[in-house]
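This report refers to the structure that appears directly beneath it.
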Amino acid sequence: MVILFYIAAIVAILAALGVVLQKTPVYSALLLIVVLCSLAVIYLLLGAEFIAFIQVIVYAGAIMVLFVLVIMLLNARRETPGQGSRMARWLGGPLLVVFLAEIVLAAWRQFPGAASPPPLNAGPAAIGQLLFRSYVLPFEVTSILILVAILGAVVLAKKS
Amino acid sequence: MTPVQALDFIRVLPEIVLASCAILVMVAEPFVSARHTAALAWVSLIGIVAAGAGNAWMRRFSGPAFGGSIAADPFASYFVYLLLLAAALTLLGSVRYLETNQVHHGEFYALLLLGTTGACLMVAATELIMIFIGLEISSISTYILAGFRRADKRSNEACLKYFLLGSFATAFLLYGIAFIYGLTGTTNLVQLSEKLSAPGARPPLLWIALILAFVGLGFKVSTVPFHIWTPDVYQGAPAPVTAFLSVAPKAAAFAVILRVFLGGLASAGALVFWLLWISALLTMCLGNLAALWQTNIKRLLAYSAIAHAGYVLVGMAAAKAAGPEAGEGIASVLFYLAAYALMNVAAFILVAHLAGAGERYQEADDCTGLAYQRPGVAACLTLLLVSLSGFPATAGFFAKFYVFRAAIHAHLIGLTLVAVLNSVVAVYYYLRVVVAMYMREGNPRASASPLPWPLGAALALSLVGIFYLGLFPTPFVRLANLAASPLP
Amino acid sequence: MDTSSDTAFFLGVTVVKVVVILWVLLTATAYLTWLERKVVAHIQSRWGPYRVGPHGLLQPLADGLKFLFKEDIVPADADRVIYWLAPFIAFTLAFLAIAVIPFGGSFSFHGHVIPFQITDLDVGLLFVLAVTSLGVYSIALAGWSSNSKYPLFGGLRSSAQMISYELSLGLALIGVLMITGTLSLRGIVEYQQQHGMWNIFKQPVGFLVYFTAAIAETNRVPFDLPEGETELVGGYHTEYSSFKFAMFFIAEYANMVTVSCVATLLFFGGWLGPLFGPPWLRTWLPVFWFCFKVFCFLFFYIWLRGTLPRFRYDQLMAFGWKVLLPVALLNILVTGAVVAASS
C-alpha cells in the first residue's frame, strides 16, 4: 500500500511538473490527465473508491476531453515564451518557494506520528448523506453556479 | 451537524426568491413575443421587490442556518437591501437601453437576478466555501453581462479581460481559503475565530493565506494595485451593466472583507490593519489622480469608483485600528456603501441614456451645452456628480464625513488628511463634466431624447435617497449601527 | 492455512483468471469479426469468408497474421509519441473494463470460494464508466496526431459524439441504481435474483436509452459517423496501418463486448437462468447463460449493422441531445418518484 502510494505520488508530482514545463499544449493536457489519474489512485488507496472513480469520470473523462479538443481545434503547436513569461519567472519563483514552505510546514505540524486517522467512510451512501443533509446549501447553490455558466455559454455563443 | 429544517430555508428566503424568479424569467423568455419583452423586466422587478419583502419578513427568524454556513443577521439583511436596491435601479435603467441596443432581454434579466443572488449569498455567508460559491455566481454573471453587446469590440474586450483577470483573482482567493483550511482545519468563520483566538494557536505562515485571500477580494473591489482591469471593463461593458458591477459585486466583496478580516480572522490584527491601510492610501490617491486625466465619462467614473473604494478602505482601517470599538468604523463603511450605491448606479444608468444607441457618445465633450437642450437631464447628472464629489447636503458628504470621523477617532490622522486632500482633488474632475454641460455653448452630441420613464423613476428614487441621506442621516446611521452590531 | 500462503493462492488464482479471461476475450473479439462478416454476408445474400478453414473459421487467424506482417507506416509530420500512444490507450482501456465484470456465481476449489470475476469492486459500475469515459482520448488523439485532414475530422466528430452520448448512457443507468441501491455489478445481479425479476421489466426506458447510447458510444452503425467511409475515407484510423490498426479494431470489438456485458448484468439478470442437472452443471450453467445473453446482444449489433443506414451528423447530435438526454432525465424523474413513493 505504502509503495503504491509513493509510486502514485511521484508520478503525480512529475506529471504536474511536466504540465508546467512542457512547451506543447497537447502534452501538457495529457500530463494533466496523468496527474488526475494518479490522484484517483491515491483516493483509491485511502479507501475512497467512489471519489476516485468520480474523479476520473468527471475530470479526466469530461473536462479534460474538452481541453484536449480545444487545443486540437486551435491546432496549438509548440509555444514560444513571450514577455509575460519573464515576469512570471520573477514572480513565480519566490511564490513557489513560499507556498511550498507553507504546505510543508502545515503538513509537518499536522503529522500526528503514532495515531493513524480513523478509517474513511467515503462510500456513495455516506457522501450522499453529506451532500443532501449537511451540505445541502452549498450543493444546491453550486447548481445555480452551473446554471449561470450554462446561461453564459448560451448567451455568448448564440448566433445573433 | 443538525438536520436541515424549514427554518434554514426561511433564512435564505431572498436568495431563493431571486433565483426562482431568474429561472422563471429564463424559461418564460421564449414564450414572450418580441413586442412584450419589457414584461420580463417587470417580472424581474416584482421578484426583487418580493425578495426585499422576504428579507423584511425574515428579520423575525434571524440566526444561523445550514449548520452555520449562513447567518441571517442584521448585517446580512442590510447588505441584501442594498444589493436589491442596486439591482432594481439597474433594472429600471436598462429596460429602454436593451431596446435601443437590441440586446436579448430574457438572459440579461436572468443574469442580473442570478448575479444579485450570488452577491446576497456572499454577504450572508459565514463559511468560506459558501463565500466562494457566492462570489463565483456573482462574478460569472457579471463577466457575461459585461460582454452582452457582442457586436461591440470594447464589450468583448471588457468581457474577456474581466473574465481572465477575475478568474486569476478567484484562484488567489481559493488558494488562500485552501491554506486557511489546511492550517486551521475549518472553513467556518465562527470556528475560525475561536480557534485563532485560543492562546498559542496561531499557525505559522497564516499571513500568506491572509494575503492571498486579500488579493482575491481586493480584485473584486478594485483596490490598487489590483485595479488594472477596472477602467477598461467599466468603459467597455454596457453602461447599465457597469452600474451594476460597480456596486453589487463590490459591496458584497466589501461585506466579505468585513466578515472575514474583521470577524473570522480578526486575531491577525496588525497585518490586516496594514493591508487595509496601504490599500486605502494607494487606492484613494491613484484613483483620484488617474481620474484627472480622463476625458471619457465612463472611464472617469471608473477611476472615481476606485477612489471611492479607497475611502471605504479608510473606514475599514479605522474599524480595525479601533479594536473593540470597531462598530463606528464598520457603520461608517456601511453608510458609505449605501450612499455610493445610490450615486454610482444612478450616474451610470444616466450615462447609458446619454451615450445613445451603440454607446457612441461617452466623452465629456459630447455633453457640451447639454444644459441648454435638456436642463432636467443636465441637472440630474450635476446633482449626482456633486454628490459623488461629497458636497454638503448630499449623501456623498455624510458618507465621507462619517468615515473620516471614524478614522480620526481611531487616531489615523495621516490617512484622514490624505483622504481629505483627495476629496478636494476629486472635485476638479467631477466639475469638469458639469462645466462642459453648463458653461460651454454648442450642440451636445449626446442623446438629447427625453428620459424614458423607468429611467426617470430610477433617477428620482436615487435622488430622493441621496438627499434624504444628505439631509437627515441620523435614522440611517442608527440602521447602519444596528447592522454593524453582529461583527465584533 | 496461514495468511501468506492464502495471499499467494489468491494472487495465483487472480493471475490465472486474468490470463484465461484475456485469452477468451481476445478469441471472442477475433471471432466476432468473423461472425460479423458472416452474418452481414447472409443478410446480403452472400457467402462471406469461406476459404480459410471450414466456413472460413480460420479467417481471423489469417487476418491477424496479415496485420502482423504488414508494413507499419507512420505519416510524415505526425506527432510520433501520441501517434504511438493512441492505439495502446484504446487497447488497454478496452480490456481493463472487463476486470470488474462478473460472469457467474462462484465455485469451490480446494476449500476456497472463487467468484467468476477478476475483482469485485463496490463501485464496479463506476469503474466501467470511468474506463469507457477515457476511451475518447484514444480516438481524439489518433485523429489529431496523424496530422491529416480526414482523421482529424473523424476524431473530432467521434469525440463530440462520445461526449454527448456518454451523458445519456450514464443517466440511463441511474434508474437501475436507484432501484437496486448499489453500484456493485454483482450486487445488481443479486438484487434481480432476490426479486425474481429482471430489471428490464422495471426499467424498459432506461434500457432502450442505454443501449442506443451504447451503440453510439462504440461507434457502431447507425451511429458510425466517425468512421463514415464514404465521407471520411475511414475516420480517425485512416492513417494507421498494420498492428496499430489492428489494436483499434480489436478495441472496438472489445468495447462492444463490454457494453453488452453491462447491459446483460444491469437489465437482463446477468448469469441468472434456469439451473438443473448435477452440481458441476449448476456451477457452469450461469456462465453459459451469461455468455448466451451477451452473444444475443452482439448478434443484435451485427444485425443492426446489416439493416440500418447511417445517420447524418446533425441528426445524430440532435437525437442525442434533444431526444435521448431528455428521455433519460425523465426516466430518472419518474423512477425517483416511484422509489420515493414506495419507500
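No value in this document is a laboratory result; all are computed from the given coordinates. Every value quoted in this text rests on a predicted model; they were computed, and no experiment measured them. Here the Cβ is made from the backbone with ideal geometry for all residues, glycine too, and neighbour counts use every protein chain on show.
Considering chain A as a Gaussian network with a 10 Å cut-off on Cα pairs, which listed residue, A:V148, A:V19, A:V11, attains the greatest mean-square fluctuation?
A:V148
Relative contact order for chain B: what percent, with Cα pairs under 8 Å and sequence separation of 6 or more?
Values: 862 pairs, mean separation 76.8, N = 488.
Computed over chain B, the figure is 16 percent.
Give the order of B:S141, C:S242 when sorted by the count of other beta carbons within 10 angstrom, beginning with the fewest.
Starting with the residue having the fewest Cβ neighbours, the order is C:S242, B:S141.
Which entries of A:K159/C:K322; A:K23/B:K161; C:K17/C:K38 show an alpha-carbon separation above 28 angstrom in the structure shown?
Distance filter (> 28 Å) returns C:K17/C:K38.
How about C:K66: which lysines have a C-alpha closer than 17 Å to its C-alpha, ignoring those fewer than 8 places off in the same chain?
C:K244
Return the Rg/Rh value of segment C:159-269, two decimal places, where both radii are evaluated on C-alpha atoms and Rh is the Kirkwood radius. Can you show the working numbers first?
Working: Rg = 16.4 Å, Rh = 15.3 Å.
Looking at segment C:159-269, the ratio lands at 1.08.
In 20 Å bins starting at 0, how do the alpha-carbon pair distances of the protein assembly as shown split up by percent?
Per 20 Å bin, starting at zero, the Cα-Cα P(r) for the protein assembly as shown comes out as 12, 37, 32, 15, 3, 0 percent.
List the residues whose amide H sits under 5 Å from the amide H of B:E127, counting only those 5 or more places along or on another chain, with H placed 1.01 Å from N in the peptide plane.
B:L189
For all pairs of alpha-carbon atoms in segment B:217-359, what percent lies in each bin of width 5 Å, listed from the first bin to the last filled one?
With a bin width of 5 Å, the distribution comes to 2, 11, 21, 23, 18, 12, 8, 4, 2, 1, 0.
Please work out how much length the chain gains when fully extended from C:T92 to C:T119, using 0.36 nm per residue of separation minus the C-alpha to C-alpha distance, in nm with one decimal.
Full-extension gain reported as 8.0 nm.
In chain A, which helices (entire DSSP H runs) extend 24 Å or more along their own long axis, judged by Cα positions, while averaging at least -1.0 on the Kyte-Doolittle scale?
Going by DSSP H runs, the hits are A:2-21, A:25-45, A:83-110, A:136-157.
Per Stokes-Einstein, at 10 °C and 1.306 mPa s, what whole-number D in µm² s⁻¹ belongs to segment B:6-484, with the Kirkwood radius over Cα pairs as the hydrodynamic radius?
My calculation gives 72 µm²/s for D.
Just want the ordering: C:L134, A:L91, B:L165, from fewest to most Cβ atoms lying within 10 Å of their own Cβ.
On the way: C:L134 23, A:L91 10, B:L165 17.
In order of increasing Cβ crowding within 10 Å: A:L91, B:L165, C:L134.
Classify segment B:64-211 as rounded, prolate or oblate, taking a ≥ b ≥ c as the square roots of the eigenvalues of its Cα gyration tensor: rounded when a/c is under 1.5, otherwise prolate if a/b is larger than b/c and oblate if not.
Oblate, since a/c reaches 1.5 and b/c is not below a/b.
What whole-number distance in Å separates the alpha-carbon centres of segment C:242-303 and segment B:103-159?
After rounding, the separation between the Cα centres reads 51 Å.
What do you get for trypsin sites (Lys or Arg not before Pro) in segment B:387-453 restricted to DSSP loop and a cutoff of at most 15 other Cβ within 10 Å of the site's Cβ?
B:R440
In segment B:248-275, which residues have a backbone nitrogen under 20 Å from the label point lying 7 Å from B:L417's Cα in the Cα-to-Cβ direction?
Within reach of a label on B:L417, which here means backbone N under 20 Å from a point 7 Å along Cα→Cβ, segment B:248-275 contributes B:274.
Can you tell me how much longer the chain between B:L482 and B:E325 gets when fully stretched, taken as 0.36 nm per residue apart minus their C-alpha distance, in nm with one decimal?
Computed gain between B:L482 and B:E325 is 55.1 nm.
What ratio of Cα Rg to 2.2 N^0.38 Å holds for chain C?
Rounded to two decimals, the normalised Rg is 1.04.
So how far apart, in nm, are the two label points at C:L329 and C:H55 if each is 7 Å from Cα heading toward Cβ?
Reported label-point gap for C:L329 and C:H55 is 4.8 nm.
Skipping prolines and chain starts, which residues have an amide H placed within reach, meaning under 5 Å, of the one on B:E363, given they are 5 or more residues away or on another chain?
Those qualifying (amide H under 5 Å, at least 5 residues apart or on another chain) are B:I297.
Compute the label zone of A:V98 within segment B:158-172: residues whose backbone N is under 18 Å from the point 7 Å along Cα-to-Cβ.
Hits in segment B:158-172 for A:V98 at 18 Å: B:168-172.
Pull out a ≥ b ≥ c, the square roots of the eigenvalues of the alpha-carbon gyration tensor of segment C:76-198, then state rounded if a/c is under 1.5, prolate if not and a/b is larger than b/c, and oblate in the remaining case.
It comes out oblate by the Cα gyration axes.
As a test of understanding, state the convex hull volume per residue of segment B:1-141 from its alpha carbons, in Å³.
Each residue corresponds to 97 Å³ of Cα convex hull volume.
Filter the chymotrypsin sites (Phe, Trp or Tyr not before Pro) in segment B:249-353 to those in DSSP coil with at most 14 other Cβ atoms within 10 Å of their Cβ, and list the result.
Sparse-neighbourhood loop chymotrypsin sites (Phe, Trp or Tyr not before Pro): B:W293.
To the nearest 20 Debye, how big is the dipole of the protein assembly as shown about its Cα centre, given +1 on the beta carbon of each Lys and Arg and -1 on that of each Asp and Glu?
On the way: 55 positive and 43 negative charges, 227 e Å.
So the dipole magnitude of the protein assembly as shown works out to roughly 1100 debye.
Mean-square fluctuation check for chain A, GNM, Cα pairs under 10 Å: which of A:A60, A:A107, A:A48 is largest?
Maximum fluctuation in the GNM of chain A, among the listed residues, is at A:A107.
I want to check the label-to-label distance for B:Q5 and C:S242. Put each point 7 Å from Cα in the C-beta direction and report it in nm to one decimal.
Taking the simple label geometry, B:Q5 and C:S242 are separated by 7.4 nm.
Could you tell me what fraction of 2.2 N^0.38 Å the Cα radius of gyration of segment C:248-321 comes to, as a two-decimal ratio?
For segment C:248-321, the normalised Cα radius of gyration comes out at 1.47.
For a quick check, take a GNM of chain C with Cα springs below 10 Å and name the residue from C:P274, C:P309, C:P75 with the largest mean-square fluctuation.
Its mean-square fluctuation being the largest, the pick is C:P274.
Select from segment B:295-380 those trypsin sites (Lys or Arg not before Pro) which occupy a DSSP coil region and have at most 16 other Cβ atoms within 10 Å, ordered by residue number.
B:R360
Taking the Cα centre as origin and putting +1 on Lys and Arg beta-carbons and -1 on Asp and Glu beta-carbons, what dipole magnitude results for chain C, to the nearest 20 debye?
820 debye
Can you give the helix-only mean residue ellipticity at 222 nm for chain B, where every DSSP H stretch with n ≥ 4 adds -39500 (n - 2.57) and the sum goes over all residues, rounded to the nearest 500 deg cm²/dmol?
-24500 deg cm²/dmol
Among A:I10, A:S143, B:H308, which residue has its Cα positioned farthest towards the positive end of the charge dipole of the protein assembly as shown, with +1 placed on the Cβ of Lys and Arg, -1 on the Cβ of Asp and Glu, and the dipole taken about the Cα centre?
The one lying farthest along the dipole's positive direction is B:H308.
With the cut-off at 1.5 for a/c, could you classify segment A:1-77 from its C-alpha gyration tensor as rounded, prolate or oblate?
In terms of gyration-tensor shape, oblate.
Going by how many other Cβ atoms sit within 10 Å of their own, how do C:M178, A:M72, B:M130, B:M439 line up, fewest first? Can you show the working numbers first?
Working: C:M178 17, A:M72 21, B:M130 24, B:M439 11.
Taking fewest neighbouring Cβ atoms as first place, the list is B:M439, C:M178, A:M72, B:M130.
If R0 is 56 Å, what FRET efficiency do you get for B:A393 and C:T7 from their C-beta distance, rounded to 0.05?
Details: r = 87 Å, r/R0 = 1.55.
Efficiency at R0 = 56 Å is approximately 0.05.
For chain A, which longest stretch is free of loop sites, where a loop site is one of the trypsin sites (Lys or Arg not before Pro) that DSSP puts outside H, G, I, E and B and that has at most 13 other Cβ atoms within 10 Å?
It runs A:79-157.
Mind checking which lysines have their C-alpha under 23 Å from B:K195, skipping anything on the same chain fewer than 8 residues away?
B:K320
Label A:V20 and A:L131 with points 7 Å out from Cα along Cα→Cβ: what is the distance between them in nm?
3.2 nm
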